[in-house]
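Engineer: The following block contains the structure, expressed as structure tokens.
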Amino acid sequence: MLDTAVLDALPLAVYVTDVQGRITYYNRAAAELWGREPKINSDRWCGFVAAFHLDGSPVPFEESPLAEALKGGKPTQGLLLIAEREDGTRVPYMPAPSAVLDEDGRITGAVNVLMDVSDRQRADQAAAQLAAIVTDSDDAILSKSLDGTILSWNAGARRIFGYESAEMVGQHITKIIPPELHDEETRILAQLSRGERVDHYETVRVSKDGRRLHISLTVSPVRDQSGRVVGASKIARDITERKRNEEMQALLVNELNHRVKNSLATVQAIANQTLRHSASREDFVSSFNRRIQALARAHGILLRQKLQSASLADLVREQVQLDGFDRRITCEGPPVELDPDAALQLGLVLHELSSNARKYGALSVPDGRVSVRWEMTTDNGRRLLLRWRESGGPRVNPPISRGFGSQLIEKGLAAHGGQVELTFQPEGVRCDIAIPLSDSRQEARSGDPQVPHESGAAPHHADDIRGKRILVVEDEIIIALDVVDKLAERGCQVVGPAATYEEAQRLIAEDAFDCALLDANLAGRGVDELAAALTQRNTPFAFVTGYGREALPLAFRDAPMIAKPFSAQQLYDLIEHIFVRQGETIALRQKA
């Protein structure tokens, strides 16, 4: 007799048939799998409506594993079939039939065990999907043992790092890690051993061709069936382009910050200098407005070219021709691109020449003429030669004194290596301008400027700096002239101003002065050596900059600094601070 009590307790679907395949018994698990309760001794084969091969073809009873068992054959093991229930749902299952024999060895029926493999099939599908994702992923996905040996290497890893799978599997992970970051891998492995996950960690790896790549790394522990950590899986995303874009954005922001502050300082200096040389309030307002408009036009040209350069033809058209058509003005020359700083300064110079011509010179009368011609030369490097010629205007008499406009024309381009020769011929003003040109210019950049504050210093008054000789190193001529005037008002004697690196070197080596105001960047060149030379001669100095403290030479980042734009009082306070600091240093040395 069949012990149905045992079969009823089994969680597996089990049923029994006679030799014709009619169901004589089934347990509760079988009914649940079929989704119905078949009729005993009536329903044949099984409780499903139908069964199919994986390719969709039907499986008739005569070809089923159960029929093979009833015939005395050995059914195919591990055959996967798809069954259909009465409600139309389908379930994958695996039959395992066995023949039932009597005492004489004759087949009297069969016992069939049905295994629902839905969960296994879903797991297999998920595994296949995961394998496809890993294979096709743009990210590098790899696995490694706890000693750092690489166990797998996907196509994404090949694309990012350049190594084929055969070149990396079995190798140590440090093969793609820079030597200085090997300790980082040791820490990661220690975290994994403790079962900890490393999430979105940004670091650097090395490709096969030696390039350093910025990557975002996620590392997860891999556990065995007992839960013990036996390895790690890594996902590495190449973020080199993102990092490059972030760095470029930071540079652009810092450059914009520098230019805005320099522009504000320039506007401030233009206001001060225009006021000093104006005969009346109306004269000041008119001159100041024209100069600010000239500065704005030059900035407009730069903005159209994303602050990278400015076309000389555009500069002449907007500063001389005022973007109109004047038959009295002729302009001619080849295409020339100027770097931003030189463009701003040349724009102001052309404005002053044009403004003077309209007020006093050739353009003040109908028959006057102005010719602006330029050319490129390659003698001793690339240079721009621009010639301004006036004719047909009132007779010219040389000025008795030089005003702000004349100083701006003659000195405005000195910081860029420019040379200006302004002559007042009776028949008309002549101006010859020579500017060296380079293919590119690298400038120092940094973050936001900061103004240092020293606490505990004894109070001093601006009168303490009277009579001091102060070296001024500044490549923005308008700002330099304003600083010179402010210092002169306090009774200081100015050495310079030096607009170029070479001129500053010469003055530091040859002249005598009590302290120095040092621009942190001279036409794109750092001032490390100038600061070192001042330190070597024990001369106190402070930086004057439109950049931040991070742009100062590394060895001098704790030096006094003032950010552009600044007031006269801030300048005086800075110079006092320099001498207070020098006195404290001397006292400390004497005490030591």
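Engineer: Answer yes or no: is there a residue in segment 263-270 that is within 30 Å of I562 (Cβ to Cβ), within 27 Å of the chain's Cα centre (by Cα), open to solvent by less than 30 Å² (accessible area, probe 1.4 Å) and of a type in the set (S, T, N, Q).
Structural biologist: There is at least one residue in segment 263-270 that is within 30 Å of I562 (Cβ to Cβ), within 27 Å of the chain's Cα centre (by Cα), open to solvent by less than 30 Å² (accessible area, probe 1.4 Å) and of a type in the set (S, T, N, Q).
Engineer: Quick check on my filter: what residues within segment 333-371 are more than 39 Å from the chain's Cα centre (by Cα) and either part of a helix (DSSP H, G or I) or closer than 24 Å to G417 by Cβ (or both)? It would help to see each step written out before you state the result.
Structural biologist: If we filter segment 333-371 for residues that are more than 39 Å from the chain's Cα centre (by Cα), which is where we start, we get 352-371.
Answer for segment 333-371, where residues must be more than 39 Å from the chain's Cα centre (by Cα) and either part of a helix (DSSP H, G or I) or closer than 24 Å to G417 by Cβ (or both): E352, L353, S354, S355, N356, A357, R358, K359, A362, L363, S364.
Engineer: Filtering segment 386-404 down to residues that are closer than 27 Å to E375 by Cα and among the charged types (D, E, K, R), which residue is nearest to the chain's Cα centre (by Cα)?
Structural biologist: Here the residue is R387.
Engineer: Looking only at segment 194-217, which residues are open to solvent by 70 Å² or more (accessible area, probe 1.4 Å) and not acidic (D, E)? Explain how you work it out, then say what you get.
Structural biologist: Step one: list which residues in segment 194-217 are open to solvent by 70 Å² or more (accessible area, probe 1.4 Å), which gives 194, 196-197, 199-202, 208-209, 211-212.
Correct list: R194, R197, H200, Y201, K208, R211, R212.
Engineer: Also, quick follow-up: Would you check which residues across segment 367-399 are free of Cβ contacts under 8 Å to residues at least 24 places away in the same chain and open to solvent by 50 Å² or more (accessible area, probe 1.4 Å) and list them? Walk me through it before giving the result.
Structural biologist: Start the filter on segment 367-399 by keeping residues that are free of Cβ contacts under 8 Å to residues at least 24 places away in the same chain, which leaves 377-380.
Selection gives T378, D379, N380.
Engineer: Another one. If you scan segment 177-210, which residues turn out to be of a type in the set (V, I, T) and touching a residue at least 12 places away in the same chain (Cβ under 8 Å)? Even if it seems obvious, please write down each step before you answer.
Structural biologist: Taking segment 177-210 and keeping what is of a type in the set (V, I, T), we get 177, 186, 188, 198, 203-204, 206.
Within segment 177-210, I177, I188, V198, T203, V204, V206 qualify.
Engineer: Additional query: Anything in segment 21-53 that is closer than 24 Å to L101 by Cα, out of contact with any Lys or Arg (no Cβ under 7 Å at 6 or more places or on another chain) and touching a residue at least 40 places away in the same chain (Cβ under 8 Å)? List them, or say none.
Structural biologist: T24, A30, C46, listed by residue number.
Engineer: Return a yes/no flag: does segment 536-545 have any residue that is more than 15 Å from I470 (Cα to Cα), modelled with pLDDT of 85 or more and either open to solvent by 20 Å² or more (accessible area, probe 1.4 Å) or over 28 Å from the mean Cα position of the chain (by Cα) (or both).
Structural biologist: Quick first cut of segment 536-545, residues more than 15 Å from I470 (Cα to Cα) only: 536, 545.
Then drop every residue that is not modelled with pLDDT of 85 or more, which leaves 536.
This time we only want the ones that are either open to solvent by 20 Å² or more (accessible area, probe 1.4 Å) or over 28 Å from the mean Cα position of the chain (by Cα) (or both), so: 536.
There is at least one residue in segment 536-545 that is more than 15 Å from I470 (Cα to Cα), modelled with pLDDT of 85 or more and either open to solvent by 20 Å² or more (accessible area, probe 1.4 Å) or over 28 Å from the mean Cα position of the chain (by Cα) (or both).
To keep it simple, each residue is scored yes or no on (1) in a loop (DSSP other than H, G, I, E, B); (2) at pLDDT 90 or above; (3) open to solvent by 10 Å² or more (accessible area, probe 1.4 Å); (4) out of contact with any Pro (no Cβ under 7 Å at 6 or more places or on another chain).
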| residue | (1), (2), (3), (4) |
| --- | --- |
| Q450 | yes, no, yes, yes |
| G456 | yes, no, yes, yes |
| R506 | no, yes, yes, yes |
| L518 | no, yes, no, yes |
| A531 | no, yes, no, no |
| E550 | no, no, yes, yes |
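Engineer: Which of the residues that make up segment 410-425 are of a type in the set (A, V, I, L, M), over 14 Å from P399 (Cα atoms) and either modelled with pLDDT of 80 or more or in a strand (DSSP E or B) (or both)? Spell out how you get there, then give the answer.
Structural biologist: Start the filter on segment 410-425 by keeping residues that are of a type in the set (A, V, I, L, M), which leaves 413-415, 420, 422.
Checking which are over 14 Å from P399 (Cα atoms) leaves us with 413-415, 420.
Once the filter is applied, which keeps residues that are of a type in the set (A, V, I, L, M), over 14 Å from P399 (Cα atoms) and either modelled with pLDDT of 80 or more or in a strand (DSSP E or B) (or both), segment 410-425 yields only V420.
Engineer: While we're looking at this one, here's another question. For segment 133-166, what are the residues that are free of Cβ contacts under 8 Å to residues at least 40 places away in the same chain, outside any loop (DSSP other than H, G, I, E, B) and open to solvent by 30 Å² or more (accessible area, probe 1.4 Å)?
Structural biologist: I133, V134, T135, D136, T149, S152, R158, R159, S165, A166 - these are the residues of segment 133-166 that are free of Cβ contacts under 8 Å to residues at least 40 places away in the same chain, outside any loop (DSSP other than H, G, I, E, B) and open to solvent by 30 Å² or more (accessible area, probe 1.4 Å).
Engineer: Now for a separate question. Does E255 satisfy the criteria of being surrounded by 12 or more Cβ atoms within 10 Å (Cβ to Cβ), over 19 Å from F404 (Cβ atoms), at pLDDT below 75 and under 31 Å from the mean Cα position of the chain (by Cα)?
Structural biologist: On the way: surrounded by 12 or more Cβ atoms within 10 Å (Cβ to Cβ): yes; over 19 Å from F404 (Cβ atoms): yes; at pLDDT below 75: yes; under 31 Å from the mean Cα position of the chain (by Cα): yes.
It is true that E255 is surrounded by 12 or more Cβ atoms within 10 Å (Cβ to Cβ), over 19 Å from F404 (Cβ atoms), at pLDDT below 75 and under 31 Å from the mean Cα position of the chain (by Cα).
Engineer: Scan A296, A310 and give me the residue that is of a type outside the set (D, E, K, R), without any contact (Cβ under 8 Å) to a residue 40 or more places away in the chain, open to solvent by 10 Å² or more (accessible area, probe 1.4 Å) and under 30 Å from M248 (Cβ atoms).
Structural biologist: On the way: A310 fails: open to solvent by 10 Å² or more (accessible area, probe 1.4 Å).
From the options A296, A310, the qualifying one is A296.
The values are calculated or read from the model by the stated rules, or taken from the named source; none is laboratory data. This one's a predicted model, so the numbers in the text were calculated from it and none came from an experiment. FYI the Cβ positions are ideal-geometry reconstructions off the backbone, even for glycines, and counts take in every protein chain you see. Just so you know, the surface numbers come from the protein's heavy atoms only, side chains and all, with ligands and any DNA or RNA stripped out. Shrake-Rupley method; radii C 1.70, N 1.55, O 1.52, S 1.80 Å.
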